[in-house]
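The block underneath contains the structure these notes are about, expressed in structure tokens.
Throughout, read-outs are computed from the coordinates displayed, never taken from laboratory work. Small disclaimer: the values here were computed from a predicted structure and weren't measured. Cβ coordinates were reconstructed from backbone atoms using ideal geometry, including for glycine residues, and neighbour counts include every protein chain displayed.
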Amino acid sequence: MTKKDTTNSGRRGFLKATAATGVAASAPMFFIKDGHAAAHGGMNFRNNPGKAKSIKLGFNVPQTGAYADEGADELRAFKLAVKHLNGEGDGGMLNTMKPLALKGNGVLGKKVEYVTGDTQTKSDAARASAKRMIEKDGVLMISGGSSSGVAIAVQGLCQEMGVIFMAGLTHSNDTTGKDCRRYGFRHFFNAYMSGRALGPVLKKEYGTDRKAYHLTADYTWGWTQEESIKQTTEELGWKTVKTVRTPVGAGDFSQYITPVLNSGADVLILNHYGKDMINSLTQAVQFGLKDKMVNGKQFEIIVPLFSRLMAQGAGDAIKGILGTTNWNWQLKDAGSQAFVKSFGAEYGFPPSQAAHTCYVQTLLYADACQRAGTFYPPEVIKALEGFNFDGMGNGPTEYRAEDHQCFKDVLVVRGNPNPTSQFDLLQVEQIVPRKQVEYPPTQFGCKLGPYKV
Amino acid sequence: MSLKNNLVVMLLFSAIVLSAPWWLAPIGANYPDLLQKFAIFGLFAIGFNILFGLTGYLSFGHAAFLGVGSYTAVWSFKLLTMNVIPAVILGTLVSGVFALLIGWLSLRRSGIYFSILTLAFAQMSYSLAYSVLTPITNGETGLQLSQQDPRVLDAMAGIVPTEGLPTTNLFGMPMSGYSGFYFCAVLLIIGFWVTLKIFRSPYGLKLTAIKSNTMRMKYTGFNTRPYLLSAFVISGMFAGLAGSLMAVTDPLAGAERMQWTASGEVVLMTILGGAGTLIGPLLGVGIIKYFENIFSALNDSALRAAYDFLPAGLADFLTTVTSPFVGEGWHLTLGLLFMLVVIFLPGGVMQGISLISRFLRRRLGMAGESGGAS
């Protein structure tokens, strides 16, 4: 810089040049690092690993709050996935996934490392934690989460920052509907699929003349689940007596359950999850709802989104109750068995559906990078879009290109009336084939946005 | 050159704040998001300190103003423009009006009753944001931008987002990353200047007098209400400014910002650092935010790496012993620290600093007669 100033003689020129050099030299290291990072295939992008020997992934899970149990299990699954990617342990689903590009030596020859964070199931905290991972730790991908509110908030952030988000447990239609993003991907099923899968079973079990009462968690997931289940049941001919919104983490649901008794409804639908569902279901059973006869029919309770962790918390209350789930450890296919085996060997108990989806998401991301031959997000996104795979526990699955939603079979489950162990709480009632839960990609208003940010 | 001189203080303060990205690098706290948080919560805490530190009135509901500021700012982004200036001004003003209302009601009582009243109002705002006000707040999901927002001023200027969501900006300069931090930092410096002026003015003296003896104040003929109310509104506006800055750096507002835990956090920050001191609350902010963001992210593998230089057995032992205190256990560490500070240094970290400096001064004074302690 100083050499160029030969024409600009004298004290002023010298001062100018010195000042310019000074500013340039004192620019923080990160600008320089980003500016000169070795571009991958001519393209530069955020947190480009360049020639580094390892890459970092960010696992952002709720460690405190109403969904902390799910978060803890997700984290176990992530750690296991990283182990398997790096070629440690027994390899888990890497032995069953088809097609598979990964070689068990990291991703594109780089060792996989990870950082963790606490979402606290709050959008603010989750975004702060995700930002820390992106800005400080330099992660290439963020995964995890156990709430659709958080998933949508973090997904939006990842789009802005140009980092891929592999959603964990999120069941709202909006995640891959009106709030979908180009950089966000969801393996988990959604509320609409729950409704489609439950419909025929409900018809068979409870008939077509029913009056339903909804208690709904008051946020995006609850809203869309209520809407989808209502649509399904009304198609069956059921009437919806009332829908009531309850705050997340309410703890005591008795004030919401008492009115159900006198409403004339004969079915209670609980659009709750995590500890909320445990509390509302337990209290509903305590209030004697399950033993009542209304309109000459046995009163029934339905929990559209079920998980084994919740069943464990709710104890006897779940016996005989119908719901849907993304995956269950008792499935007999090779992928599920391989995963349950290595998870069990590591931690001593079977994984939950939250653990399963997070494990699969991590493997899918890694595999997409391997197939794309680069970590450059637009290429990785293209590798994931429309990807067909099998051997991951849900049968043949497709990552739909138009809205980044996975399409696969859905499980209808029932609370096991005679459990043989503390984990044998849900029995698979029916495996609903994929074509029954499909819908057009435009249905929930998804517009993915740009590849390049 | 003395710290009694406002200009010297301001110059020093500005230099320290603006150079934060450099001197925070060694402890890994120099990434934009955390720097922004330091500045934003710094504003929140120094504003809170005007009320609590000077008048001794402990408000347990200041997060409500933070939330109001955030919601106002996001609505400004949605309805008016993505430029941050209207958002910041509106956020501060609306919070001020809200603070006037709540302050007018709550300041009818003092002591614990005042605290409970403010807590009640804040919890009420929080519950309202979750229930009846969901059309304005979007409930648990949080208020977010959408591409279809009207943004009338931007539309008039012909700025229409083509693809994806628009970003907040200051006349074209994006407000995320380091530019966002510097924007917050400049406002923090201005805010600090305001508190400095208040602390060192007859007005500030009267507020302190209210703290030491309200009764005597009244007997000397002062009506304390207007002073208290104005202090309450000013600190509410600081909170609103902080809230709108949260929306500026990240255009999303959630009701959890108004929860009592958020109100409690600013109380902790102020007490930890030293209530009633100029710098104390900022130190408290630094400590708590550092714990929340850095300590909470440490895990076993990071610990093991830190103890790498030790023999394997010892490293394993230390990892096992310390791991409950990091990661999800960061609250535990913070709680212990808070207990230690409150028990041994009731005046907060600032008391510790003044004890150390007095000790050093005495040692220096003994060593050489011309110790130069001015």
Cα-based Rg and Dmax for segment A:168-270, in Å, come out at 14.8, 47
J(HN,Hα) series, segment A:300-305, from Karplus relation 6.51 cos²θ - 1.76 cosθ + 1.60, nearest Hz, glycine and proline x | 10, 10, 10, 10, x, 10
With r as the distance between the Cβ atoms of B:Ser179 and B:Ala157 and R0 = 25 Å, compute the FRET efficiency 1/(1 + (r/R0)^6) and round to 0.05.
-> 0.75
So how far apart, in nm, are the two label points at A:Glu235 and B:Asp300 if each is 7 Å from Cα heading toward Cβ?
-> 4.7 nm
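How much net charge surrounds B:Pro281 when only other residues with a Cβ under 15 Å from its Cβ are counted (Lys, Arg +1; Asp, Glu -1)?
Net local charge, B:Pro281 excluded: +1.
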Cα-based reach from B:Lys37 at 27 Å (exclusive), listing lysines while leaving out same-chain residues under 8 positions away = A:Lys33, A:Lys56, A:Lys122, A:Lys131, A:Lys136, B:Lys78, B:Lys197, B:Lys289
Quick one: compute a quarter of the convex hull surface over the Cα atoms of the protein assembly as shown and quote it in nm².
-> 42.4 nm²
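Given DSSP loops and a limit of at most 11 other Cβ atoms within 10 Å, what is the longest stretch of chain B that contains no such chymotrypsin sites (Phe, Trp or Tyr not before Pro)?
The answer is B:1-170.
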Given only helices, namely DSSP H runs of n ≥ 4 each adding -39500 (n - 2.57), what is the per-residue ellipticity at 222 nm of chain B, to the nearest 500 deg cm²/dmol?
-> -21500 deg cm²/dmol
Net charge (Lys, Arg +1; Asp, Glu -1) of residues whose beta-carbon lies under 12 Å from that of B:Thr322, B:Thr322 excluded, is -1
Taking 7 Å along the Cα-to-C-beta vector as the label spot, tell me the B:Arg361-B:Ser201 distance in nanometres, rounded to one decimal.
-> 2.8 nm
A:Asp252/B:Val342 FRET efficiency (R0 22 Å; Cβ-Cβ; nearest 0.05) | 0.10
So for segment A:33-166, using the alpha carbon gyration tensor with a ≥ b ≥ c as root eigenvalues (a/c under 1.5 gives rounded; past that, a/b versus b/c decides prolate or oblate), I'd call it oblate
Cross-link partners of A:Lys203 among aspartates and glutamates (Cα-Cα below 20 Å; sequence separation of 8 or more within a chain) = A:Glu226, A:Glu227, A:Glu234, A:Glu235, A:Asp266, A:Glu300, A:Asp409, A:Glu429, A:Glu438
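Relative contact order of segment A:283-435, please, whole-number percent, based on alpha carbon pairs below 8 angstrom and at least 6 residues apart.
With pairs under 8 Å counted, the relative contact order is 22 percent.
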By Kyte-Doolittle mean hydropathy of at least 1.0 and Cα axial length of at least 27 Å, which whole DSSP H helices of chain B are selected?
-> B:84-106, B:111-130, B:177-199, B:224-249
Do any cysteines in the protein assembly as shown lack another Cys Cβ under 4.7 Å, and if so which?
-> A:Cys158, A:Cys358, A:Cys369, A:Cys406, B:Cys184
Potential lengthening between A:Asn295 and A:Lys53 on full extension [0.36 nm per residue; Cα-Cα distance subtracted] = 80.3 nm
Amide N of segment A:81-104 lying under 13 Å from the label point, which is placed 7 angstrom from the Cα of A:Tyr347 along Cα→Cβ = A:81-82
Largest fluctuation, B:Leu364, B:Leu298, B:Leu93 only, Gaussian network model of chain B with Cα springs under 10 angstrom, belongs to B:Leu364
Name the residues whose placed amide hydrogens come within less than 5 Å of the amide hydrogen of A:Ile269, ignoring near sequence neighbours (fewer than 5 apart) on the same chain.
-> A:Tyr213, A:His214, A:Leu215, A:Ile302
Counting Lys and Arg as +1 and Asp and Glu as -1 over every other residue whose Cβ sits under 9 Å from the Cβ of A:Thr220, the net charge comes to -3
How high is the relative contact order of chain A, in percent, counting Cα pairs under 8 Å that sit 6 or more residues apart?
-> 18 percent
Please tell me the relative contact order of chain B in percent, rounded to the nearest whole number, where contacts are Cα pairs under 8 Å and at least six residues apart.
-> 27 percent
Specify whether the C-alpha gyration tensor of segment B:56-171 places it in the rounded, prolate or oblate class, a ≥ b ≥ c being the square roots of the eigenvalues: rounded for a/c under 1.5, otherwise prolate if a/b is larger than b/c and oblate if not.
-> prolate
Rounded, prolate or oblate: which one fits segment A:192-325, using the alpha carbon gyration tensor with axes a ≥ b ≥ c (rounded when a/c is under 1.5, else prolate when a/b beats b/c, else oblate)?
-> rounded
With label points built 7 Å along Cα→Cβ from the Cα atoms of B:Leu93 and B:Phe222, find their separation and express it in nm.
-> 3.1 nm
R0 = 41 Å: FRET efficiency of A:Thr420 with B:Ile136, Cβ-based, nearest 0.05?
-> 0.20
In a Gaussian network model of chain B with springs linking alpha carbons closer than 10 Å, the residue among B:Asn223, B:Asn138, B:Asn83 that fluctuates most is B:Asn223
Counting partner chain Cβ atoms within 10 Å of every residue's Cβ in B:129-138, what's the average?
-> 2
